[in-house]
Amino acid sequence: MASINVKFPDGAEKQFDAGVTTEAIAKSISPSLAKRSVAGKFNDQVVDYRQPLTTDGNIEIIAADSDEGMAVLRQTAAQVLANAVKQLFPKVQFGSGEGNANGFFFDTDNPDAEGKQISEDDLEAISLKMQAIVKKDLPIVREVLSKDAALALVGDDPYQKDLVNDRAAANDGQVVVYKQGDFVDLSDGAQLASTGKVKIFKLLSVAGAYWQGKSSNPMLQRIYGTAFLKQKDLDEDLKKRQEARERDHRVIGNELDLFFVDPKVGNGLPYWMPNGATIRRQIERYIVDKEVANGYQHVYTPVLANLDVYKQSGHWDHYREDMFPPMDMGDGEQLELRPMNCPSHIQIYNHHIRSYRELPLRIAELGMMHRYEKSGALTGLSRVREMTLNDGHTFVALDQIEAEFKNILSLMVEVYKDFDISDYRFRLSYRDPANKAKYFDDDAMWEQSQKMLKSAMDDMGLDYFEAEGEAAFYGPKLDVQTKTALGGEETLSTIQLDFLLPERFDLKYVGSDGEEHRPVMIHRGLVSTMERFVAYLTEIYKGAFPTWLAPKQVTIIPVNKGAHGAYAETVRRRLAAENIRVSIDDRNEKMGYKIRESQTKKIPYLLVVGDQEVANGSVSVRKYGEERTESEGVDMFIGAITQEVKNYSRG
Ligand code: ATP
Ligand code: ZN
């Protein structure tokens with residue numbers, strides 16, 4: 001029999017009969033290794049534990065409790081799910097399904113007589129059916145079919161037909177299927193030996209997902225679940241998911257009526273409702289004031305510009321995929337929605353002859369821009385297609401770079417304090433030394449500016465980590481990485497050095513020597529886009545915005561509308577006159593109900609007014625999240641809340 005040569009991660013090599021399985025290889029090393037492993041990685045491809053190996057190659061053995069091992073467990077669970085769904089809904093059509101490091105899912109299309117699809121109401125029944133399949137401990141078998149056999153298997157399910165055609169085309173006409181007992185489908189990822197091994201699982205939710213991620217395709221219902229080896233791990237994971245849900249800005253955004261996105265009107269194009277708009281307005285006023293106080297000149301520039309501007313800037317060459325297509329105006333003019341504001345601020349710089357005395361020249365704008373993000377990447381407010389960036393560009397002489405960098409950084413740290421943001425990491429993003437061709441070609445510039453950023457950080461005593469290959473193509477940058485509710489990291493603020501755009505647009509200033517010189521540009525965003533920032537704040541505050549940002553700051557509840565309504569109105573007017581966002585709740589509802597509602601709306605202050613308050617000219621104050629109430633004079637309350645807002649404190 002032919003034999004194959006298998007190489008292990010430690011470099012050792014061994015011969016096996018062709019057709020050997022990963023399981024047999026593991027057993028040949030040690031029975032206990034074989035027992036705690038579930039699959040292999042052969043030439044960097046995950047292979048089923050029982051799949052025959054017929055060529056030479058490198059092998060790694062995948063342990064059951066590794067990320068890749070968990071994906072095998074969850075892949076098995078995904079097919080158990082499909083099997084259960086098929087038994088309960090015999091006419092169901094299937095999209096794709098998979099198991100991965102986060103859980104598993106399967107896409108379904110099953111309109112009933114009223115057009116109603118599988119929903120969360122069905123999860124319990126599906127879960128019970130899955131348990132029955134697990135209990136039967138059906139053997140699982142991987143098979144390779146010809147394209148024709150696979151097409152015969154999937155019948156007239158249009159999605160499965162697509163999948164067969166795609167896979168056969170990518171795999172020499174072969175299609176992998178898995179069998180769990182009598183149930184066969186196009187599941188093709190490595191699985192465990194039998195259904196009985198999926199003991200601990202939980203179905204989580206159902207959400208719409210476009211077939212193949214394209215919004216022009218039909219919407220399928222994606223059933224999500226997860227599976228673990230130990231109950232304790234599942235419990236922990238569910239707790240984490242619950243915590244993430246409580247922080248999810250899309251959920252809170254809906255509860256507090258902050259914003260919405262309606263794919264029918266435009267995917268990734270958010271509508272800011274009055275509550276969200278109020279938060280955004282406070283942030284915008286705050287940041288503009290802060291920047292003006294720190295030497296920035298705020299401008300307004302158009303979102304549209306002639307396409308030639310973006311050809312000159314290099315965006316059209318390097319960034320076209322993320323840009324909306326140009327608008328052909330019919331007379332030879334092509335207008336482009338800007339994906340970035342830099343070229344606009346360059347126009348402002350170039351509108352006058354600049355002198356060294358003006359540098360650093362700081363131009364800032366709440367600049368609206370459009371990026372054609374992939375529909376699958378769009379998430380609530382945190383990744384959108386129309387966004388307004390707290391943008392700024394400073395134009396500096398070479399010897400001013402370091403000082404200006406420090407300036408921007410201290411401003412950023414101040415701003416973070418005001419918003420109570422503390423969980424972040426600084427990342428110095430360098431070019432990839434192994435792939436210099438991807439970057440602006442000037443070794444000396446890269447060496448110097450990377451060193452300069454590092455020494456500025458050291459000087460300021462700030463902690464950072466370094467990341468090669470994360471720089472922009474025009475220069476190195478400092479990114480501020482924050483954690484998201486779902487455990488990922490995203491960039492909030494950034495400071496980027498740029499030696500290239502000043503060349504492209506021939507920027508100049510007249511130096512003290514009377515000669516023309518080239519300035520350097522620093523791109524910087526302090527609080528990111530209004531969209532991502534509000535999403536982020538919503539998550540860190542869990543919707544309980546500090547008083548200075550809260551859409552509504554105070555609710556007044558008269559104990560009795562007839563007896564105390566007029567006094568409530570007097571108090572409201574006095575507060576409103578001090579720019580406090582206040583309203584009266586005199587609906588015909590029980591006091592307890594109104595109090596609870598002001599809690600769920602997370603309104604910072606609740607003022608109750610009754611006989612005693614009317615008599616004393618006071619209010620009974622209850623702060624969000626506290627049980628106790630305190631009686632205060634109206635002036636005292638106004639003084640305290642005004643001070644709190646001024647200090648941006650969270651009270
Ligand atoms: P990303 O890598 O997140 O796509 P980027 O590096 O392209 O961002 P910049 O061009 O530096 O981003 O944009 C400045 C900031 O704008 C980013 O740091 C990010 O906080 C925010 N931002 C970028 N794209 C989006 C988007 N689609 N929706 C909301 N905010 C965004
Ligand atoms: Zn810029």
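The values are calculated or read from the model by the stated rules, or taken from the named source; none is laboratory data. This one's a predicted model, so the numbers in the text were calculated from it and none came from an experiment. Virtual Cβ from ideal backbone geometry, glycine too; neighbours counted across all protein chains shown. For accessibility, only protein heavy atoms count, side chains too; no ligands or nucleic acids. Shrake-Rupley method; radii C 1.70, N 1.55, O 1.52, S 1.80 Å.
Proximity of backbone amide H atoms, modeled 1.01 Å from N, is registered between LEU138 and THR195, GLY196 at under 5 Å, excluding neighbours fewer than 5 places apart on the same chain.
Per residue of the chain, the DSSP helices (runs of n ≥ 4 H) give a summed -39500 (n - 2.57) that works out to -11000 deg cm²/dmol at 222 nm. Dipole check for the stretch 336-454: with +1 at the C-beta of Lys and Arg, -1 at the C-beta of Asp and Glu, and the Cα centre as origin, the magnitude is about 260 Debye. Rolling a 1.4 Å probe over the heavy atoms of the protein chains gives the stretch 439-494 an accessible area of 48 Å² per residue.
For the pair GLN612 and TYR372, the difference between a 0.36 nm per residue extended length and the Cα-Cα distance amounts to 80.5 nm. Where both bridge residues fall in the stretch 3-63, DSSP classifies roughly 90% of the beta bridges as antiparallel. If R0 equals 41 Å, the separation of the Cβ atoms of ASN102 and ASN294 corresponds to a calculated FRET efficiency of about 0.45.
Taking label positions 7 Å along the Cα-Cβ direction at both GLN312 and GLN45, the computed distance is 5.1 nm, reported to one decimal. In the context of the full protein assembly, THR54 retains an accessible surface of approximately 100 Å², using a probe radius of 1.4 Å and ignoring ligands and nucleic acids.
Between ASP331 and THR301, the FRET efficiency from the beta-carbon distance, with R0 = 35 Å, is close to 0.90.
Where both bridge residues fall in the chain, DSSP classifies roughly 85% of the beta bridges as antiparallel.
Taking label points 7 Å from Cα along the Cα-to-Cβ direction, SER3 and ILE348 give a separation of 7.4 nm. Is the chain rounded, prolate or oblate when judged by the Cα gyration tensor, a ≥ b ≥ c being the square roots of its eigenvalues, rounded requiring a/c under 1.5 and prolate requiring a/b larger than b/c? The shape class here is oblate.
Remark: the stretch 269-352 carries 53 Å² of accessible area per residue (probe radius 1.4 Å; ligands, DNA and RNA excluded).
At the residue level, TYR624 shows approximately 80 square angstrom of accessible surface with a 1.4 angstrom probe and all protein chains present.
Summary of the geometry: the stretch 1-67 and the stretch 92-110, compared by the centres of their Cα atoms, lie 28 Å apart. Measuring nothing but how far apart in sequence close Cα pairs (under 8 Å, 6+ apart) lie, relative to its length, the chain scores a relative contact order of 9 percent.
Taking the 1.4 Å solvent-accessible surface of the stretch 156-286 as the whole, the part contributed by carbon and sulfur is 48%. Counting only protein chain heavy atoms and rolling a 1.4 Å probe, the accessible areas of HIS249, HIS298 rank, largest first, as HIS298, HIS249. In terms of its C-alpha gyration tensor, the stretch 3-63 has a rounded overall shape, because the principal axis ratio a/c (a ≥ b ≥ c, square roots of the eigenvalues) stays below 1.5.
Only Cα pairs under 8 Å and 6+ residues apart enter the sum, and on that basis the relative contact order of the stretch 271-541 stands at 20 percent. Note on LYS230: lysines with a C-alpha under 23 Å away, same-chain residues under 8 apart excluded, are LYS35, LYS129, LYS135, LYS136, LYS197, LYS199, LYS202, LYS239, LYS240. Residues of the stretch 52-87 with an amide N closer than 13 Å to a point placed 7 Å from the Cα of LEU33 along the Cα-to-Cβ direction: 59-63. The residues of the stretch 554-646 expose, per residue, 56 Å² of accessible area to a 1.4 Å probe. Quote the accessible area belonging to GLU503 in square angstrom, nearest 10, computed with a 1.4 Å probe and with ligands, DNA and RNA left uncounted. Rounded to the nearest 10, the figure is 100 Å².
Shown in residue order for the stretch 519-525 are the 3J(HN,Hα) couplings computed by the Karplus curve 6.51 cos²θ - 1.76 cosθ + 1.60 at θ = phi - 60°: x, 10, 9, 10, 8, 8, x Hz (x for Gly and Pro). For the stretch 3-63, what's the relative contact order in percent, using C-alpha pairs closer than 8 Å and at least 6 residues apart? Result for the stretch 3-63 is 40 percent. Relative to the current alpha-carbon distance between GLU321 and GLU597, full extension at 0.36 nm per residue lengthens the span by 94.8 nm. Taking packing as the residue-averaged number of other Cβ atoms within 10 angstrom, the listed peptides 150-161, 75-86 run from highest to lowest as 75-86, 150-161. Cβ-Cβ distance of ASP441 and GLN131, R₀ of 60 Å, FRET efficiency by 1/(1 + (r/R0)^6): the value works out to about 0.45. Placing MET1, MET591, MET219 in order of accessible area, with the largest value first and a 1.4 Å probe, yields MET1, MET219, MET591.
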